[in-house]
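Reading through the structure tokens given below for one structure.
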Amino acid sequence: MSATVSRSLNHVVRLFKRILSQPPQVPPTVSWLLEHRIARAGQSALTNGRTPTASLYRMYEYLVIGFTIGLRTEIEFFFNQPSWAVSAIPDPQDADPQRYAILSVLPYYLCKAFNRLIERGLPRGSPAIIAGDEVERELRARPIVLEEEPEWVLKVPSLAETLVIPRRQGEDPEEKYISERFRSKNIIVEEPHVLFV
């Protein structure tokens, strides 16, 4: 291989590494999403990328606009990336306090959804279709490895002012359905529907 071709290949490899390591495009603020929630309903999230952080930002968008199907689909997508341990989600260090507080709660819900399946014998990386007793026995024989939240979520402060994320139709959240985990960050939102399968 010539030196020129080798340099070109090295340049391309460095370029791809730089692109893949870049954080996702910063998504809209909570206020922008709430202002545009009707137009955004049923739409794909604005955040692109195939990284744990990009996926977390898409969950944030879906939660704020009240798009439950989008949120659950994104959670299922994350589940099907077995190399993405929840505890290894990098700290996004988001400069927007509202967005950062929401992002810090979402790993709790990933653990809740994933550990429910793992405890039932469906580990991450399982085939989409489990055909036959032999495959089922093999899955149940795997060691149970539960997901844990990343350490950075503990250092994210609660919001100074209460943030209320209304229900999908714009009504205030019902007290009996408010998420205690989000409330601990001074965010009033109904418990998200995160369980799938």
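Would you tally the residues in region 52-80 being β-branched (V, I, T), under 14 Å from Y109 (Cα atoms) and either surrounded by fewer than 23 Cβ atoms within 10 Å (Cβ to Cβ) or touching a Cys at 6+ places or on another chain (Cβ under 9 Å) (or both)? Step through it out loud before you land on a result.
Pass one, region 52-80, residues β-branched (V, I, T): 53, 64-65, 68-69, 73, 75.
From what's left, under 14 Å from Y109 (Cα atoms): 68, 73, 75.
Filter again for either surrounded by fewer than 23 Cβ atoms within 10 Å (Cβ to Cβ) or touching a Cys at 6+ places or on another chain (Cβ under 9 Å) (or both), leaving 68, 73.
Here the count works out to 2.
Looking at A128, is it part of a loop (DSSP other than H, G, I, E, B), at pLDDT 95 or above and either among the basic types (K, R) or more than 17 Å from the chain's Cα centre (by Cα) (or both)? First the steps, then the outcome.
On the way: part of a loop (DSSP other than H, G, I, E, B): yes; at pLDDT 95 or above: no; either among the basic types (K, R) or more than 17 Å from the chain's Cα centre (by Cα) (or both): yes.
Answer is no for this residue.
Hey, can you tell me all the residues within region 81-91 that are within 16 Å of K155 (Cβ to Cβ) and surrounded by fewer than 21 Cβ atoms within 10 Å (Cβ to Cβ)? Walk me through how you get there before you give the answer.
Going residue by residue through region 81-91, those that are within 16 Å of K155 (Cβ to Cβ) are 87, 89-91.
The answer is S87, P90, D91.
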**Report entry** Subset of region 101-142 (residues that are farther than 21 Å from H193 by Cα and not small (G, A, S))
**Finding:** P127, I129, I130, D133, E134, V135, E136, R137, E138, L139, R140, R142
Requested in this report: State whether the residues of region 108-125 include one that is in contact with a Ser or Thr (Cβ under 7 Å, 6 or more places away or on another chain) and loosely packed, with under 15 Cβ neighbours inside 10 Å.
Outcome: no
**Report entry** Per-region count, region 129-168, residues hydrophobic (A, V, I, L, M, F, W, C), in contact (Cβ under 8 Å) with a residue 40 or more places away in the chain and surrounded by fewer than 12 Cβ atoms within 10 Å (Cβ to Cβ)
**Finding:** 1
**Report entry** Long-range neighbours under 7 Å by Cβ, at least six apart or interchain, first residue closer than 12 Å to T29 by Cα within region 43-70, second modelled with pLDDT of 95 or more and assigned to a loop (DSSP other than H, G, I, E, B)
**Finding:** V64/I165
Report task. May I ask you to list the residues in region 59-97 that are closer than 14 Å to R37 by Cα and acidic (D, E)? Result -> E61
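The values are calculated or read from the model by the stated rules, or taken from the named source; none is laboratory data. Fair warning: this is a prediction, and the values are worked out from it, not measured in the lab. All Cβ positions, even for glycine, are placed from backbone atoms using ideal geometry, and neighbour counts span all protein chains on display.
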